[in-house]
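A.B. asks: Just dropping this structure here.
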Amino acid sequence: MLFKRTLKWYKLFDSEMAVNAYVELGRVNSITCGRKKICIARTSKGLFAVNDKCPHNGASLSNGYCTELGTVVCPMHRYHFDLETGRAKSGIGDYVETYPIEIRDDGVYIGFEETVWNLF
Ligand code: FES
């Protein structure tokens, strides 16, 4: 195969304590990483990251809220998106892009899929 998909990790916060102060339990907040605006949500299930742009009509998901069911709710038309899969709960075929989060000893990282050459 000429190309392959890999995950590239970017540091968002220096510690778990820093991200917990930035995103309280049951809340969402936005953060920019490179040119991507990310919506970060913290629920009792953990920390989640999705693209901030709602796939329905482009509203900022970080202006919405998250639920105990593990969804982020868009502030514009109140569509719910699953924080783990990105799938809209309302039956429409929309998906919001999700990103993995890793909490490591030296900080909190987000992973973006990238396509790279696979020559050898
Ligand atoms: S813009 Fe988000 S649900 Fe319509």
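A.B. asks: Return the residues of segment 17-62 that are assigned to a helix (DSSP H, G or I) and either out of contact with any Asp or Glu (no Cβ under 8 Å at 6 or more places or on another chain) or over 14 Å from residue 81 (Cα atoms) (or both); say none if nothing qualifies.
C.D. replies: Selection gives 17, 18, 19, 20, 21, 22.
A.B. asks: Taking segment 75-99 only, how many residues are in a loop (DSSP other than H, G, I, E, B), of a type in the set (Ser, Thr, Tyr) and either within 13 Å of the ligand (Cβ to nearest atom) or buried (at least 16 other Cβ atoms within 10 Å of the Cβ) (or both)?
C.D. replies: 2
A.B. asks: Is there any pair with a first residue in segment 22-42 that is closer than 12 Å to residue 71 by Cα and a second that is of a type outside the set (Phe, Trp, Tyr) and surrounded by fewer than 14 Cβ atoms within 10 Å (Cβ to Cβ) whose Cβ atoms are under 6 Å apart and which are 6 or more apart or on different chains, and what are they?
C.D. replies: Listed by first residue and then by second, the contacts come to 42/25.
A.B. asks: When you scan segment 5-14, do you find a residue that is modelled with pLDDT of 95 or more and acidic (Asp, Glu), even just one?
C.D. replies: Yes, segment 5-14 contains a residue that is modelled with pLDDT of 95 or more and acidic (Asp, Glu).
A.B. asks: I've got another one for you. Name the residue, out of 116, 72, that is away from the ligand (no atom under 12 Å from the Cβ) and either in a strand (DSSP E or B) or surrounded by 15 or more Cβ atoms within 10 Å (Cβ to Cβ) (or both).
C.D. replies: 116
A.B. asks: Here's a follow-up. For residue 61, state whether it is farther than 25 Å from residue 6 by Cβ, crowded, with 16+ Cβ neighbours inside 10 Å, out of contact with any Gly (no Cβ under 7 Å at 6 or more places or on another chain) and modelled with pLDDT of 95 or more.
C.D. replies: yes
The values are calculated or read from the model by the stated rules, or taken from the named source; none is laboratory data. Note that the coordinates shown come from a computational prediction; the quantities given were computed from them, not determined experimentally. Glycine also receives a Cβ, built like all others from the backbone with ideal geometry; neighbour counts cover every protein chain displayed.
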